[in-house]
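Working notes, structure below.
The values are calculated or read from the model by the stated rules, or taken from the named source; none is laboratory data. What you see is a predicted model; the values in this text were computed from it and never measured. When we count neighbours, we look across all protein chains shown, and the Cβ atoms used for this are built from the backbone with ideal geometry, even at glycine. Only protein heavy atoms, including side chains, enter the accessible area calculation; ligands, DNA and RNA are left aside. Shrake-Rupley method; radii C 1.70, N 1.55, O 1.52, S 1.80 Å.
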Amino acid sequence: MSSPLARGERRFALALFLPAFAALVLATTFPLVYLGWASLQRLDLTTPWLAGFAGADNYVRMAHDARFWSSLELTAIYTGTTVTLQVLVGLGLALLVLQIPRGQGLLRVAAILPIVLAPVVVGLFWRTLVLAPDFGVADFVSRALGAGSHNWLGDPQLALVSVIAIHTWQWTPFAFLVILASLSALPPDLYEAARIDRAGAWQRFRHITLPLIRPAIVVVVILRLMTALSAFAAIFAATGGGPGTATEILNLYAYRMSFAELSIGYGSALAMVLLVLTLATSAVLFSLRSAR
């Protein structure tokens with residue numbers, strides 16, 4: 001039998017746990033259940049008299065929705081490009097900074113700054129100061145290089161490149177810090193033995209560094225991929241999904257459909273597809289990580 005003191009400690013722990021658990025359920029589980037329910041309904045505020053159970057009609061509608069397939073393609077391009085750039089640039093910066101004996105602490109603090117900024121602030125910062133036509137930083141550099149002025153957020157091709165640059169700029173420091181911490185923890189004896197065996201820099205990187213930091217890279221890929229798939233605020237602040245639908249990834253399409261076009265049922269179905277896509281992709285990456 002447990003002592004009165006142990007029972008009191010369990011009751012105290014339960015009293016601390018239950019309010020947090022209830023808040024978590026209300027903030028996450030209930031909205032997800034409601035989202036799933038709404039995705040099976042015919043909820044269109046422009047025609048409220050037609051509301052009712054729709055079954056799989058909202059999901060069947062996607063198969064014939066060219067805008068859905070376009071947003072899905074943009075989501076794949078946006079996610080794949082930003083995650084790849086973040087890992088490659090973060091790895092390169094980490095390898096470079098590791099060779100600097102002094103000032104690493106200052107560089108790490110500077111790298112945190114883009115991460116702590118709210119995505120909507122980052123979007124507005126790039127829109128007004130970096131990518132603004134004629135007087136933005138990007139336009140100034142472009143004219144200095146003789147490439148002329150560009151409407152970075154108004155041209156459909158340049159707008160997609162711009163939002164990819166915004167996301168990459170904000171979240172590459174995360175990949176940099178994680179990979180740098182992993183590199184700093186590697187045992188130097190392995191590299192000393194490799195040098196004695198006359199292994200070159202590329203051989204040491206390929207056969208020692210990459211295998212040892214692989215878990216860190218996989219974690220970075222999983223976390224950044226989940227964030228990129230659900231990106232919203234920075235793109236919305238910078239382009240609003242435009243011009244037209246040039247930067248309308250699936251998350252933005254679900255938002256526009258629900259709150260601009262007032263088709264809540266179909267917008268909920270789009271959000272459910274994005275949720276399933278995110279979970280499935282993360283599950284595949286976690287399984288690959290566990291298998292190795």
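When restricted to residues that are among the polar types (S, T, N, Q), under 24 Å from LEU91 (Cβ atoms) and not in a helix (DSSP H, G or I), region 148-196 contains 0.
Filtering region 1-31 to residues that are open to solvent by less than 100 Å² (accessible area, probe 1.4 Å) and farther than 30 Å from ALA269 by Cβ leaves SER2, SER3, PRO4, ALA6, ARG7, GLY8, ALA13, LEU14, ALA15, LEU18, PRO19, ALA20. Which is farther than 23 Å from PHE259 by Cβ and surrounded by 13 or more Cβ atoms within 10 Å (Cβ to Cβ), of VAL116, VAL89, VAL109? Answer to the check: VAL89.
Residue count for region 255-274 satisfying the condition of being open to solvent by 10 Å² or more (accessible area, probe 1.4 Å), part of a helix (DSSP H, G or I) and either touching a Gly at 6+ places or on another chain (Cβ under 6 Å) or of a type outside the set (Gly, Ala, Ser) (or both): 8. Surrounded by 19 or more Cβ atoms within 10 Å (Cβ to Cβ), more than 25 Å from the chain's Cα centre (by Cα) and not aliphatic (A, V, I, L, M) - does that describe any residue in region 186-198? Within region 186-198, none of the residues are surrounded by 19 or more Cβ atoms within 10 Å (Cβ to Cβ), more than 25 Å from the chain's Cα centre (by Cα) and not aliphatic (A, V, I, L, M). Let me spell it out: the conditions are (1) among the basic types (Lys, Arg); (2) open to solvent by 70 Å² or more (accessible area, probe 1.4 Å); (3) in contact with a helix residue (DSSP H, G or I) (Cβ under 9 Å, 6 or more places away or on another chain), and ARG143 meets all of them except one. Which number is the exception? So the condition that ARG143 fails would be (3). Out of PHE68, PHE53, one residue alone is surrounded by 14 or more Cβ atoms within 10 Å (Cβ to Cβ) and within 19 Å of VAL273 (Cα to Cα). It is PHE68. Taking the numbered list (1) under 24 Å from ALA118 (Cβ atoms); (2) open to solvent by less than 20 Å² (accessible area, probe 1.4 Å); (3) of a type in the set (S, T, N, Q); (4) not in a loop (DSSP other than H, G, I, E, B) in turn, ASN251 passes all entries but (2).
Within region 56-65, the only residue that satisfies the criterion of being free of Cβ contacts under 8 Å to residues at least 24 places away in the same chain, in a helix (DSSP H, G or I) and surrounded by 14 or more Cβ atoms within 10 Å (Cβ to Cβ) is ASP57.
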